[in-house]
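The structure appears below as structure tokens.
Read-outs throughout are calculated quantities, based only on the coordinates presented, and are distinct from any laboratory measurement. Please read these numbers as outputs of a predicted model, since none were measured by experiment. Here Cβ is always computed from backbone atoms with ideal geometry, including for glycine, and neighbour counts include all displayed protein chains.
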């Protein structure tokens, strides 16, 4: 799973990325501070199942703190996109191409209103147009990819009577387009797939937009939510885009809290609304933490960063977390208790999970056993979030 961070220059993408990953990346107050994409590991937050078994888990990847499991997901931060990116402006083609393999996008929007469309400092900027600009550039990017091959592709499919859905998914698999994506779009748009070569430019753009929405769903991170005009601007965003998922956040605050926790100055769990001071701090440090507590945590109940990651994985992409767990033995061969947790699509079966853990487990599957209830499960049993399963081969 790969989550792409997108947005205009200087909106806070790199700060958001560093807050999630604590990776060493350049954070600068000028456009195009990021040129090459940054890859790192963020974490979704769930309740660990070790509580049910009254043990302490020992994660092989990620970590567990106070009964809360943090499961890794891959993040990518690309350079800022500006109007005309789909035509190459600001090296836009290169940056867009970096996003091909993303499963979903988090669009970072600067809700302070203090940066213009190109990321330069301004005042009272109408940020509503940032969302429209970015989606339009993404649509034109998809359209450009389609147009490169569409004339030949559509005529071939039309003349050979090849299955349009299968052919389209295969042709554009590089964008992670599946047959299900194509079926969903065709049903929604009611396009004539018997004669795709006769589609108008408007129909092709409509198709490109719908495929982009299917393959790269998006959540909006309303960043810098602690700035003076932020609340007002967040309401403007929600009114302009009532159908979109918009979550207020302060990447700066999250980064400060995580770094203070890492340094042992405070005890902070990502996603919490509180933190505990562990060491004597200087007046400047205390003032900064008090500001975060007052303007972010009390106002929004968290910094929003963890909520956005969780929403992207569990609500936008609709994944669930499932643990390999033996009925009589929770440890692996090295003695690590509940070392793994897998993120798999909602609706996955016991057999799907077996394959996700290891191909051999899937091929030699006999049955599964629910580690919590000891119930025997067949291969078609649909799994739930936070299930623990033993696979019998």
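For region 117-170, go through all pairs of different Cα atoms, get the mean of 1/r, take its inverse, and jot down that Kirkwood value in Å.
On the way: mean 1/r = 0.0707 Å⁻¹.
When all Cα pairs of region 117-170 are included, the Kirkwood radius is 14.1 Å.
The value obtained for region 136-215, namely the Cα convex hull volume divided by the number of residues, is 79 Å³ per residue. The slack between residue 375 and residue 315, meaning 0.36 nm per residue of separation minus the straight C-alpha distance, is 18.8 nm.
Once both labels are positioned 7 Å from their Cα atoms along Cα-to-Cβ, the gap between residue 346 and residue 245 label points is 0.9 nm.
Considering only 271, 42, 378, give the residue with the highest GNM mean-square fluctuation for the chain, with springs between Cα atoms whenever their separation is below 10 Å. Comparing 271, 42, 378 in a Gaussian network model of the chain, the most mobile one is 378.
Protection proxy ranking of 110-123, 180-193, by the mean of other Cβ atoms within 10 Å over each peptide's residues and highest first, is 110-123, 180-193.
A crude spin-label estimate for the pair residue 279 and residue 291, with each label 7 Å from Cα along the Cβ direction, gives 2.1 nm.
Region 316-378 and region 166-205 have Cα centres lying 35 Å from one another.
For 43, 142, 125, which order do you get if you count the other beta carbons within 10 Å of each Cβ and list the fewest first?
Details: 43 22, 142 25, 125 19.
By the 10 Å Cβ count, ascending, the order reads 125, 43, 142.
FRET efficiency for residue 166 and residue 332, Cβ-Cβ distance as r, R0 = 45 Å, nearest 0.05? After rounding, the FRET efficiency stands at 0.65. Considering only 60, 45, 212, the mean-square fluctuation computed in a Gaussian network model of the chain, springs between alpha carbons under 10 angstrom, is largest for 60. D by Stokes-Einstein for region 52-187, Kirkwood Rh over Cα pairs, 20 °C, 1.002 mPa s: 115 µm²/s.
Looking at region 240-331, what % of the alpha carbon pairs are farther apart than 17 Å? Spell out each step's value before the answer.
Working: 2476 of 4186 pairs.
The proportion of pairs with Cα distances above 17 Å equals 59 percent.
Shape class of region 321-392 from the Cα gyration tensor (axes a ≥ b ≥ c, square roots of the eigenvalues): rounded, since a/c falls below 1.5.
Listed from fewest to most Cβ neighbours within 10 Å, the set 15, 393 follows the order 393, 15.
Straightening the chain between residue 392 and residue 184 buys 71.3 nm, computed as 0.36 nm per residue apart minus the Cα-Cα spacing.
When the alpha carbon gyration tensor of the chain is reduced to an equivalent ellipsoid, its three semi-axes come out at 36, 34, 16 angstrom, largest first.
Counting helices only, and only those DSSP H runs with n ≥ 4, report the 222 nm mean residue ellipticity of the chain as the sum of -39,500 (n - 2.57) divided by its residues, in deg cm²/dmol to the nearest 500.
Per the formula, -10500 deg cm²/dmol.
By count of other Cβ within 10 Å, fewest leading, how are 250, 173 ordered?
Values: 250 30, 173 10.
By the 10 Å Cβ count, ascending: 173, 250.
With Cα atoms as the point set, region 223-266 shows a radius of gyration and Dmax of 14.0, 42 Å.
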